[in-house]
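Here the structure is laid out as structure tokens; the discussion comes afterwards.
The values are calculated or read from the model by the stated rules, or taken from the named source; none is laboratory data. Quick caveat, the model's predicted, so the values are computed rather than measured. For neighbour counting, all protein chains shown are included, and Cβ atoms are generated from backbone atoms with ideal geometry for every residue, glycine included. To get the accessible areas, we keep the full protein, side chains included, count just its heavy atoms, and leave off ligands, DNA and RNA. Shrake-Rupley method; radii C 1.70, N 1.55, O 1.52, S 1.80 Å.
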Amino acid sequence: MTDNHTRNETYSPGLMKGKTCFMSGATSGINRQIAVRFAMEGAKVFVMSRSQDKVDDTVKELRGLGAEADGMAVDVRSYPDVDLAIQKCVELYGKLDMVLAGQAGNFVAGAAQMSSNAFKSVVDIDLLGTFNIYRAAVEHANKPGAAFLAITAPQATQPHMFQSHVCAAKAGVNMLTKCCAMEWGKSGIRVNAISPGPIDDTEGMKRLSGSPAIVEKYKQGLALKRMGTKDEIADAALWVCSDAARYVTGTILEIDGGTVLGDSSMAMEL
Ligand code: HXC
Ligand code: NAP
């Protein structure tokens, strides 16, 4: 480690050597960093999101790291398309060991102002999308050692003003995590979620942040007094999907600098 929250990019012990990973929403932000970390650890990575350009750019970066990588542009709300992408991943790499459902949609809007379709869009991307991925993947990853991981948010357990759509969707993701963990544990499949706090330099924080003064006040309200890094979430994802976490399932890992200890409802100030 180069300081207390940045990993030295040359670090690469091969924790994911030979593992095949399907990663939804891994073409930007936090999830892309997870893809990069897993690739550096020896994984074969298949990424999926809507934009062909973002898929191509990510695959290029992962191959540049020496990893086997591919991807497909798919909207997670379409089950047949998700199923096709997962089939392509399995055809290419012969097996499936790890599944990430990281895709999400977010905007700030009051429950009395947003349309029914606006609410539905976020629930469909975050919650139905996670179900679609898990449902299509489980038959290919139905074996001991398989790891399923969703990315949730503090909104799942803390009510936030102007985030009713996100709170409802992510609460569903938490419950889906626990139900699948219970149903699939007998096959040796582990199902967990990570709940990141505010992560610097991400689309999510761009959409939720107000003025620099508000952001500073918000940071002072966090136990660790700073935002997290994408790398810190990738570290947690690596641990929870590795055999080092082999007795961990149905868990919502809060990697959030203490966000849920206090009032972190930044949207209240917007
Ligand atoms: C109110 C809005 C809106 C806004 C869109 N809509 N933006 N309503 N306020 N700001 C409405 C539209 O009018 C439409 O309703 C409906 O939502 C669907 O919009 P589309 O643009 O047609 O949908 P789509 O192309 O599917 O886009 C989905 C999206 C978009 C969620 C709206 O923003 C998106 O693609 N986001 C992906 C990237 C993203 O959000 N990243 C951040 C994730 S971070 P009508 O009625 O007009 O049809 C995150 C952080 C959580 O989740 C925690 C942080 C601490
Ligand atoms: P981001 O960069 O916007 O990443 C979202 C990803 O999802 C992109 O790859 C996007 O690619 C994909 N995506 C969106 N809609 C999709 C759809 N309909 N079908 C398929 N893919 C879709 O966001 P981020 O800020 O890094 O957040 C990543 C995850 O962390 C999300 O689950 C978010 O809720 C969670 N989170 C973030 C924070 C934060 O501080 N940023 C905090 C807590 C939780 P395309 O545009 O190509 O589809």
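Of everything in the range 94-128 that's of a type in the set (D, E, K, R) and assigned to a loop (DSSP other than H, G, I, E, B), which residue is farthest from V36 (Cα to Cα)?
Checked the range 94-128; the qualifying residue farthest from V36 (Cα to Cα) is K95.
Of L92, L96, which residue is aliphatic (A, V, I, L, M) and loosely packed, with under 15 Cβ neighbours inside 10 Å?
Exactly one residue qualifies, and that residue is L92.
From G66, G71, grab the single residue that is out of contact with any strand residue (DSSP E or B) (no Cβ under 7 Å at 6 or more places or on another chain) and outside any helix (DSSP H, G or I).
The unique qualifying residue is G66.
Looking at (1) at pLDDT 95 or above; (2) part of a helix (DSSP H, G or I), can you tell me which one R207 breaks?
Only one criterion is unmet by R207, namely (1).
Of all residues in the range 198-245, which are open to solvent by 30 Å² or more (accessible area, probe 1.4 Å) and of a type in the set (S, T, N, Q)?
Hits for the range 198-245 are S209, S211, Q220, T229.
Quick check on my filter: what residues within the range 26-54 are near ligand 2 (Cβ under 10 Å from one of its atoms), surrounded by fewer than 23 Cβ atoms within 10 Å (Cβ to Cβ) and free of Cβ contacts under 8 Å to residues at least 60 places away in the same chain?
Once the filter is applied, which keeps residues that are near ligand 2 (Cβ under 10 Å from one of its atoms), surrounded by fewer than 23 Cβ atoms within 10 Å (Cβ to Cβ) and free of Cβ contacts under 8 Å to residues at least 60 places away in the same chain, the range 26-54 yields R50, S51, Q52, D53, K54.
Evaluate the range 87-100: report whether one residue or more is in contact (Cβ under 8 Å) with a residue 60 or more places away in the chain and more than 22 Å from F131 (Cα to Cα).
yes
Right, Y93: within 30 Å of P159 (Cβ to Cβ) and of a type in the set (F, W, Y) or not?
So Y93 does not fit the description; no.
Hey, does the range 199-214 have a residue that's closer than 30 Å to K178 by Cβ, polar (S, T, N, Q) and in contact with an Asp or Glu (Cβ under 9 Å, 6 or more places away or on another chain)?
So far as the range 199-214 goes, no, none of its residues is closer than 30 Å to K178 by Cβ, polar (S, T, N, Q) and in contact with an Asp or Glu (Cβ under 9 Å, 6 or more places away or on another chain).
Among the numbered criteria (1) within 16 Å of ligand 2 (Cβ to nearest atom); (2) surrounded by fewer than 16 Cβ atoms within 10 Å (Cβ to Cβ), which single criterion is violated by I151?
Every listed condition holds for I151 apart from (2).
Does the range 202-221 contain any residue that is within 13 Å of ligand 1 (Cβ to nearest atom), in contact (Cβ under 8 Å) with a residue 24 or more places away in the chain, among the charged types (D, E, K, R) and touching a strand residue (DSSP E or B) at 6+ places or on another chain (Cβ under 6 Å)?
no
Residue-wise test of (1) away from ligand 1 (no atom under 16 Å from the Cβ); (2) polar (S, T, N, Q); (3) touching a Cys at 6+ places or on another chain (Cβ under 9 Å).
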| position | (1), (2), (3) |
| --- | --- |
| C21 | yes, no, yes |
| K44 | yes, no, yes |
| D53 | no, no, no |
| V59 | yes, no, no |
| L65 | yes, no, no |
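Within the range 93-105, which residues are of a type outside the set (A, V, I, L, M, F, W, C) and either within 11 Å of K19 (Cβ to Cβ) or within 14 Å of ligand 2 (Cβ to nearest atom) (or both)?
Y93, K95, D97, G102, Q103, G105
Going by what's in this entry, would V108 be described as open to solvent by 40 Å² or more (accessible area, probe 1.4 Å) and within 16 Å of ligand 2 (Cβ to nearest atom)?
On the way: open to solvent by 40 Å² or more (accessible area, probe 1.4 Å): yes; within 16 Å of ligand 2 (Cβ to nearest atom): yes.
Spelling it out, V108 is indeed open to solvent by 40 Å² or more (accessible area, probe 1.4 Å) and within 16 Å of ligand 2 (Cβ to nearest atom).
Report whether or not K120 is near ligand 2 (Cβ under 10 Å from one of its atoms), over 20 Å from A236 (Cβ atoms), out of contact with any Asp or Glu (no Cβ under 6 Å at 6 or more places or on another chain) and of a type in the set (K, R).
No.
Among the residues of the range 99-106, are any at pLDDT 95 or above and more than 16 Å from ligand 1 (Cβ to nearest atom)?
yes
Being modelled with pLDDT under 95 and within 19 Å of the chain's Cα centre (by Cα) narrows it down to one residue among V248, V260; which is it?
That would be V260, the only listed residue that is modelled with pLDDT under 95 and within 19 Å of the chain's Cα centre (by Cα).
Could you tell me whether A69 is within 11 Å of ligand 2 (Cβ to nearest atom), of a type in the set (A, V, I, L, M, F, W, C) and open to solvent by less than 40 Å² (accessible area, probe 1.4 Å)?
no
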